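The values are calculated or read from the model by the stated rules, or taken from the named source; none is laboratory data. Quick caveat, the model's predicted, so the values are computed rather than measured. Virtual Cβ from ideal backbone geometry, glycine too; neighbours counted across all protein chains shown. The area values use the complete protein model at the heavy-atom level, side chains included, leaving out ligands, DNA and RNA. Shrake-Rupley method; radii C 1.70, N 1.55, O 1.52, S 1.80 Å.
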Amino acid sequence: MSKGGIPDVLFDQLKFLEQGADFTGIPPRVQSSSGKTYFVKYGSSVEQEQYKGEVESLRAMWEAAPGLSPRVLSSGVDSGNRPFFISEYKDLHRLGDATAKVLATRMATELHAKASEKGFGFHVPTYCGVTRLRNGWFETWEKCYSCMIGDLVDQLRNKGCHEELCDLSNEVRERLVH
């Protein structure tokens, strides 16, 4: 069931976030009668891990640099084991040179200002499209990066494509880490 194209679980969460408001739109963009716009996602049961990684990543980015990324307002799994989340909606558009420099500076300084006691990495798997990145904690940025790129290269190699790219990537990884 859905309310005007908005799945029930998302509709119920939106009603909790903005009691008394009405909601219109089609996911992923939903507007409230108060004028707020939300980004909503509703997945399949096989996407639970992917959604968890996305939610945890957005939360970490928000903690490091409030306002730079959308703030997660609600997330979870419905009774059918389908993951969902609701976040602020960021209206993305082409940036001018000056704005792009400000964004790049914020990303370079604020997102990487908070150091983890665990090292470099992340505590849950994340995804690059449908490609799962194992993540974990590493002593150096180079080892962390090598693992991330390694996951992508391994998946390409397992599909039997881009052998030359895979070989070159592994050479770069070897030079980077050693």
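Structure data summary
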item	result
Equivalent ellipsoid, the chain (semi-axes from 5 times Cα gyration tensor eigenvalues, Å)	34, 21, 16
Distance violations [Cα-Cα > 28 Å] among Lys90/Lys114; Lys15/Lys52; Lys41/Lys118; Lys118/Lys159	Lys41/Lys118; Lys118/Lys159
Percent RCO, i.e. relative contact order, over the chain, from Cα pairs under 8 Å lying at least 6 residues apart	14 percent
Accessible area expressed per residue, the stretch 17-175, with surrounding protein chains retained (probe 1.4 Å, Å²)	64 Å²
Carbon and sulfur %, accessible surface of the chain computed with the full protein complex present, 1.4 Å	54 percent
Net lengthening on full extension, Leu152/Ser33 (0.36 nm per residue, minus Cα-Cα)	38.6 nm
The stretch 115-178 - Rg and Dmax from Cα coordinates, angstrom	12.4, 38
Loop GluC sites (Glu not before Pro), the stretch 68-139, which have at most 11 other Cβ atoms in a 10 Å radius of their Cβ (DSSP)	Glu117, Glu139
Three semi-axes of the equivalent ellipsoid, the stretch 63-107, Cα gyration tensor, whole Å, largest first	31, 12, 7
